[in-house]
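J.: I'd like to ask you about the structure that follows.
Every number in this text was worked out from the coordinates using simple rules, so none of it is lab data. The structure displayed is predicted, hence computed values, not measured ones.
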Amino acid sequence: MQDSIFQILFLGENIAWSKISQALFEAQEGRLQVHRLDSLADLFHSLAIGRWHAVVIDVHAWNFQGLHYVEKVRSEYPAFPIIAIHSGLIPELEKKANISGASRCITLGDFSADSLHSHVAATLADTKSQCILQKGSQMNLPLDSSQGVTLTFSKNQVITHALNNLLCVIAANADILSDKLSSASGPGLGPDVRPLSEIKKAAKSAAALMRHLK
């Protein structure tokens with residue numbers, strides 16, 4: 001895997017693309033082929049007709065629509081490697097990108113051809129991503145019935161993705177409710193937020209178990 005030439009799609013704006021282009025130019029090894037796309041529709045079209053190793057999405061793009069694009073791609077491709085790139089100046093973006101479904105995150109400041117290659121290789125090495133390299137027991141899921149395109153995923157991948165989404169929703173909404181209650185009621189709220197804390201702990205434990213089972 002270390003010597004593989006990865007075919008990668010990129011969706012994002014000029015600032016991130018300039019960083020990627022410069023990193024690829026400086027690398028000179030040619031282990032990455034990155035193809036830029038201009039819209040989510042173009043991305044889905046390319047994924048449907050081509051064979052790719054990963055997609056890189058700029059979460060800042062189009063006023064942070066990139067986060068939504070990560071979520072949309074993950075909903076259609078439960079096991080496909082998605083690398084989110086973001087500014088290190090906004091630390092919470094990494095958490096949001098992971099909740100949206102990113103496989104790995106790279107800050108623009110740390111971005112290089114080597115870091116991208118290693119992140120893609122690490123994601124492909126994960127057993128849940130082997131569906132793009134190997135055949136297994138599969139089920140069909142429609143991408144868009146109007147286009148007549150059918151995607152194939154294993155049943156376990158679909159179930160795992162649904163459970164992961166459920167855990168992410170529980171944890172994220174518990175955080176939001178906890179913040180709202182804390183700001184509304186002040187420091188004396190301790191006992192009232194305990195159930196939310198228990199929900200968050202349970203979600204984290206369940207997520208850890210899911211990773212172990214995989």
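J.: I need the full set of residues from the stretch 16-73 which are closer than 22 Å to Pro91 by Cα and of a type in the set (A, V, I, L, M, F, W, C), in order please.
T.: Those that are closer than 22 Å to Pro91 by Cα and of a type in the set (A, V, I, L, M, F, W, C): Ala16, Trp17, Ile20, Val55, Val56, Ile57, Val59, Ala61, Trp62, Phe64, Leu67, Val70.
J.: For residues that are over 14 Å from the mean Cα position of the chain (by Cα) and closer than 15 Å to Ala121 by Cα, tally how many sit in the stretch 50-90.
T.: 1
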